[in-house]
Amino acid sequence: MNGLAHDAFARHVWSVQPQAFARGIRDVFIAENLYVFATCVIKLSFASTLLRISNVKAEIYAIYAVAGLAISITIVYFTTLMINCHPIHFFWTRLLGDTSGHCLDVEVLIKTRYAHGVSVATCDMALAIIPTIMVSRLQMRRKQKVSISILLAIGSIASIATIARIPYIHKMRAQDFLYDNMPICMWTIVEVGVSLIATAAGTFKPLVSSWMSTTNNNSKQTPNGSKLTPNHSRQATQSVVSKAQSSEYQSSV
């Protein structure tokens, strides 16, 4: 972010130039909008994955409800961010003495952010519970059920970062904005990053299985590159024994 480049992020307001501080506020505003859309897309991606493997109406309705909640809170939060200040750039230019616009009460934005955080955490928890219910009715060993449930629900690990982010929301009231809001910015980065990694973690199982299979096959190959099958192994052993017996017979003669 430019706020980092201009050495304004995570520094006290009195220790940076006003222009750099305003650029930092602008970058936080842009990052917040990107965060809102990123969390929504990640939830919808994971929900669509569950829809492809579920055939129970109750589960399908629950998944659609989670997706609907994610979309709804995203629209509400994004709209609040857009109408918070008029014109939009007044959100950061007011710090440079601009008086040509106006902003809503900061409490409106804080309450909306709380609602967004709670809703996102709820979606994460629901997307962790639904796969467990789906797997519980399958006819397989308990160990397999546990491993599959963990694999399907791993995309919801980011709820930890979401919940950790909520206690810092009240710091939007702070005058020293870029310094006091450093924890929430860092937890936002962690949340999105962990969500992307965890949601895609399930795709690594076929990759690892394929790699393990290839490794095992290569270990069973002969030096010239051909595979050493059980029949080949027996034939090779018999050939060695026959040669040894022939040599022993010739030496005795």
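Values computed for the structure shown
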{"item": "Measure of compaction for region 2-212 (Cα Rg per 2.2 N^0.38 Å)", "result": "1.21"}
{"item": "Trypsin sites (Lys or Arg not before Pro) lying in DSSP loop within region 64-162, provided at most 12 other Cβ fall within 10 Å", "result": "Arg137, Arg141"}
{"item": "All-pairs Cα distance distribution in region 73-195, expressed in whole percent, bin size 10 Å", "result": "12, 31, 27, 15, 9, 4, 1"}
{"item": "Protection proxy ranking of 183-194, 97-108 - average other beta-carbon atoms within 10 Å, highest first", "result": "183-194, 97-108"}
{"item": "Backbone N within region 11-30 under 17 Å of label point (7 Å from Gln175 Cα along the Cβ vector)", "result": "11-18, 21-22"}
{"item": "Greater than 31 Å apart at Cα, pairs in Lys57/Lys111; Lys145/Lys171; Lys43/Lys145", "result": "Lys57/Lys111; Lys145/Lys171"}
{"item": "Full-extension gain in nm, Tyr61 to Phe29, via 0.36 nm per residue minus C-alpha separation", "result": "8.1 nm"}
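Computed from the coordinates by the stated procedures, all read-outs in this text should not be read as laboratory data. Just so it is clear, the model here is predicted, and its values are computed rather than measured. In this analysis, Cβ positions are derived from the backbone assuming ideal geometry, glycine residues included, and neighbour counts consider all displayed protein chains.
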